[in-house]
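**Q** The structure is given below, and queries will be raised subsequently.
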Amino acid sequence: YDFYRTLEIVWFGRTVVTGFDAYVDGDGVMALDPPLHVFETGPAISQGENMALWAEAPLMPAVLAGERARWEAIDGTAAYLRFPSGGGSDGLRATFDPDSGRIREMTGERYRGQDEKRSWRIRYSQWRPVAGLENPVTIPHRAVVQWADQAQPYGDFLVDGVVYNVDVSEMLPVPA
């Protein structure tokens, strides 16, 4: 339902920015430390962080369990994922690899900062098993994120490791 993610932007082996983003109890936050000095909240940020939570479901397969996620078939290799958002609902279009059945890409309309919604996508590849779990899962090692109106991706992420069921309560913002 919620997430908190620490961020570290590295340029040629040197950390240039740290921060966090989160979606907790329906509220999104994007915070980047100096030199960027970013701290954003509000409905647009909440929508974007909520969409990120659902788009990153291949990394956290339990997100797709239960009644919150609803799938609507489009054809043999695509479906809409519907999920709760801000008192209503939102959705992502997922395309699947016809051979493996794994999610290849998710696209949706997402706020970029406080701006208007724009077409956004995340592409998954290089799937690998996660070791050390009672019930093993396979997750994407690579995720490429891009706005449709930009020529290049703004993020190309390699997942070096994942740890599940970690107590992060001390990291979550305290409600005002």
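The values are calculated or read from the model by the stated rules, or taken from the named source; none is laboratory data. Fair warning: this is a prediction, and the values are worked out from it, not measured in the lab. Counting neighbours? That spans all protein chains shown, and the Cβs are built from the backbone with ideal geometry, glycine included. These accessible areas exclude ligands, DNA and RNA; they are computed on the full protein's heavy atoms, side chains included. Shrake-Rupley method; radii C 1.70, N 1.55, O 1.52, S 1.80 Å.
**Q** If each of M60 and V144 carries a label point 7 Å out from its Cα toward its Cβ, how far apart are those two points in nm?
**A** 2.5
**Q** How much length is gained on full extension from E67 to E116, taking 0.36 nm per residue of separation minus their Cα-Cα distance?
**A** Gain in length upon complete extension: 14.7 nm.
**Q** Sort segment 1-138 into rounded, prolate or oblate with this rule: let a ≥ b ≥ c be the square roots of the eigenvalues of the Cα gyration tensor; rounded if a/c is under 1.5, and if a/c is not under 1.5, prolate when a/b is larger than b/c, oblate otherwise.
**A** oblate
**Q** Carbon and sulfur: what percent of the chain's accessible surface (1.4 Å probe)?
**A** The value for the chain is 52 percent carbon and sulfur by accessible area.
**Q** Shifting gears a bit: For the modelled label position 7 Å from the Cα of R93 along Cα-to-Cβ, which residues of segment 108-122 have backbone nitrogen atoms closer than 18 Å?
**A** Within reach of a label on R93, which here means backbone N under 18 Å from a point 7 Å along Cα→Cβ, segment 108-122 contributes 108-111, 117-122.
**Q** Quick one: if you stick a label point 7 Å off each Cα along the C-beta vector at F20 and D156, how many nm between them?
**A** 3.0
**Q** On average, how much accessible surface per residue is there in the chain, in Å², for a 1.4 Å probe, leaving out ligands, DNA and RNA?
**A** Result: 62 Å² per residue.
**Q** Take each of the peptides 75-84, 158-167, average the number of other beta-carbon atoms within 10 Å over its residues, and list them starting from the highest.
**A** Packing proxy ranking, top to bottom: 75-84, 158-167.
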